[in-house]
Structure formats: C-alpha cells, structure tokens
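Throughout, read-outs are computed from the coordinates displayed, never taken from laboratory work. All values reported here derive from a predicted model rather than from experimental measurement. For neighbour counting, all protein chains shown are included, and Cβ atoms are generated from backbone atoms with ideal geometry for every residue, glycine included.
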C-alpha cells in the first residue's frame with residue numbers, strides 16, 4: 001500500500017509540474033535566481049543519488065563491485081560513449097568484478 | 001524565439017535558396033533525429049524495469065510508474081528510495097524535486113511550440129529532458145512541433161515497452177545483482193549528471209551534495225539524506241552571491 005501511495009504522489013506531482021510549465025504566462029518563473037536554482041537542483045540530486053546508490057545500503061556505507069562499474073561508466077562518458085553504452089559498461093564491469101569474487 | 005534561430009546565411013542574389021539552410025531542416029531530417037533520441041533513450045527503460053523489479057516493486061507498480069510518471073530520473077529515485085524501506089512521502093519528495101526541472105522545460109517549450117491551450121494537458125506528459133533537447137535544436141516552429149511529437153511518442157511507447165520487458169526479465173533472471181544490474185540505476189544518474197557538470201558552480205554543487213549524502217546516510221533515516229543533500233544547490237548559490245557582492249564592494253572601495 002505504501003508503495004502505491006508513493007507512486008500516486010509522484011505521478012500527480014510530476015505531471016503537475018510539467019503542466020505548470022506549459023500553462024504559466026511567460027515571465028512568471030523567468031527570474032534569474034529561480035532559473036539558476038532550477039538548473040542546479042537536479043545537479044545536487046543526481047550527484048547525491050549516484051553516491052547513495054553506489055556506496056550506501058540502507059544506513060551503511062559500502063564499497064563493492066558497483067564502484068568499479070561506476071568508474072567504467074565515467075570512463076565511457078569521457079570517451080563520449082552513447083547513453084546506453086555508459087549504462088552497459090557499468091553493468092558489465094560490475095558483473096565481471098563480482099564473478100571474479102570482488 | 002528569436003534567440004534560438006540561427007541568422008540566415010547571406011546569399012548571393014540570384015542563387016536558388018538551399019532548402020536546408022532556408023528552412024533549416026527537412027521534415028524527414030527532423031524525424032530522423034527525433035527517432036534516434038527516442039529509440040536510444042527508450043531502450044534504457046529496460047534498465048528501469050530491471051531495477052524496479054529487483055528493488056521489490058511488482059510488475060503492475062513498475063509499469064504504472066513508467067506510464068504515469070514518465071520522467072526517468074524521478075522513477076529511478078523513487079524505486080531506490082522505496083527499496084531502502086523509506087517513508088513513501090519522503091521517497092516521493094525526492095522524486096518530485098527531480099521532476100521540478102520539467103516545469104522549466106515546459107516554460108521554454110510553450111514559447112517554442114505555441115500550442116493551443118486545450119492541447120497542453122495532453123502534451124504535458126511528454127515534457128522531459130529528451131523532448132526538450134530535440135525541440136530546442138530545431139530552427140522553425142514546424143520542425144519543433146515535429147521534433148517534439150516524434151520524440152515524445154517514440155520515447156513513450158518504447159520506454160513503456162522496455163519497462164515491461166525489463167521487469168519480466170528481472171523476474172526470469174532472479175539474482176539481478178549477479179548480472180551487475182544493480183549498477184544500472186546509479187549509472188543512469190551518472191550519465192544524466194555528467195553532461196551538466198560544465199562549470200565550477202555545477203561541480204561544486206555536485207561535490208558538496210556527494211559529501212552531504214555520504215556523511216548523512218549513517219545518521220538520518222532512509223530517504224531524508226537526499227533531500228538534505230539537495231540543499232547543496234542553494235548553499236553554493238548563496239556563497240557565490242556573497243562572493244560576487246564582496247567583489248563589487250571591494251572594487252567600489254578602491255574607486256573611492
């Protein structure tokens with residue numbers, strides 16, 4: 001039940017902000033500080049989530065094969081690999097390190 | 001929007017206008033670009049389906065997320081937070097804050113697409129990173145509308161199909177961690193984040209968010225650290241603002 005509540009809240013909230021952007025008159029949200037915040041908020045959230053899902057399990061910090069996988073994804077990005085290949089690199093390297101007993 | 005249009009190239013009189021430069025792009029070129037993005041990103045719904053199913057969400061819940069939320073980063077964030085056994089509202093809050101950026105995409109798109117008001121509730125679900133990127137790259141309103149619709153439609157259909165396949169696949173595979181599939185979620189975040197790290201400001205925000213996150217995970221309940229880490233954005237903006245005003249003050253000082 002909890003999961004459905006979370007899904008419903010997220011679905012309604014995410015749709016509402018999408019629609020809000022299309023409906024508000026030009027100029028209302030176009031303040032420099034608001035725009036800066038809107039651009040930086042995803043940066044903070046994505047960085048935090050990357051760190052959490054790589055190095056945290058519940059409330060414990062861990063270092064496992066996923067760290068190697070993320071490193072591979074970072075290398076793939078630097079080499080200008082397409083989106084899917086970046087994710088593929090992380091998956092393959094994580095599986096490889098685990099198979100080797102990492 | 002005028003600033004989006006590239007200035008028309010100066011042409012010698014009498015030469016036939018090149019349709020590619022005069023109109024910017026042919027319709028089929030726009031469709032090709034849009035389908036390329038739609039297919040490439042649409043396929044990564046597979047990673048979402050696998051991640052969601054292996055984090056314990058049912059097939060129906062996984063598919064409901066892709067159909068109803070349809071903004072990848074928020075979906076990954078939500079299933080990650082729910083897997084940690086977090087409070088549903090805290091979990092939804094993190095996903096919601098990630099989705100807020102779409103409001104600003106909508107703002108640009110409503111100017112560029114000039115949609116009639118009654119169409120907007122239907123177009124809204126497609127207002128995401130990829131449709132915005134394709135639309136912004138087009139030179140004319142016609143090309144923008146084609147780009148938006150083709151990217152939105154191909155991505156929506158494919159993202160939902162691959163979500164279903166990924167969730168079914170995860171159930172068939174069983175131990176998804178042995179296949180390294182638990183790395184798909186964080187790798188997706190990294191792939192979305194990396195192109196944003198253009199300047200020192202973005203990098204400072206990202207670094208501070210990581211430090212806050214890792215420092216707070218052991219001490220705060222699940223789902224809360226990510227919300228606190230989001231404060232990295234206003235914190236860095238605040239420090240920057242202080243520095244900028246300190247800079248102007250000291251310059252004023254030397255003038256006097």
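With under 17 Å from the mean Cα position of the chain (by Cα) and free of Cβ contacts under 8 Å to residues at least 40 places away in the same chain as the only criterion, which of B:155, B:136, B:109 stands out?
Testing whether each residue is under 17 Å from the mean Cα position of the chain (by Cα) and free of Cβ contacts under 8 Å to residues at least 40 places away in the same chain leaves just B:109.
When residues in the stretch A:58-85 are screened for being more than 9 Å from chain B (Cβ to nearest Cβ) and closer than 14 Å to residue B:44 by Cα, 1 of them pass.
Condition check ((1) touching a helix residue (DSSP H, G or I) at 6+ places or on another chain (Cβ under 8 Å); (2) closer than 16 Å to residue A:20 by Cβ; (3) surrounded by fewer than 18 Cβ atoms within 10 Å (Cβ to Cβ); (4) more than 14 Å from every other protein chain (Cβ to nearest Cβ)) across all residues:
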position	(1), (2), (3), (4)
B:104	yes, yes, no, no
B:107	yes, yes, no, no
B:123	yes, yes, no, no
B:130	yes, no, no, no
B:141	yes, no, yes, yes
B:147	yes, no, no, yes
B:154	yes, no, no, yes
B:159	yes, no, no, no
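Within the stretch B:178-200, the set of residues being more than 7 Å from chain A (Cβ to nearest Cβ) and either in a helix (DSSP H, G or I) or surrounded by 20 or more Cβ atoms within 10 Å (Cβ to Cβ) (or both) comprises B:195, B:200. If you take the residues of the stretch A:86-99 that are under 16 Å from the mean Cα position of the chain (by Cα) and more than 17 Å from residue A:49 (Cβ to Cβ), which of them is farthest from the other protein chains (Cβ to nearest Cβ)? The selected residue is A:88. Identify the residue in the stretch B:80-90 that is surrounded by 24 or more Cβ atoms within 10 Å (Cβ to Cβ) and within 7 Å of chain A (Cβ to nearest Cβ) and, among all such residues, is nearest to residue B:42 (Cα to Cα). For the stretch B:80-90, the residue satisfying everything is B:80.
Of all the listed residues (A:35, A:31, A:18), the sole one being buried (at least 18 other Cβ atoms within 10 Å of the Cβ) and either within 27 Å of residue B:114 (Cβ to Cβ) or at the interface with chain B (Cβ under 7 Å from one of its Cβ atoms) (or both) is A:18.
Working carefully through the options B:77, B:93, find the one that is under 14 Å from residue B:223 (Cβ atoms) and more than 8 Å from chain A (Cβ to nearest Cβ).
Numbers: B:77 fails: more than 8 Å from chain A (Cβ to nearest Cβ).
Among B:77, B:93, only B:93 is under 14 Å from residue B:223 (Cβ atoms) and more than 8 Å from chain A (Cβ to nearest Cβ).
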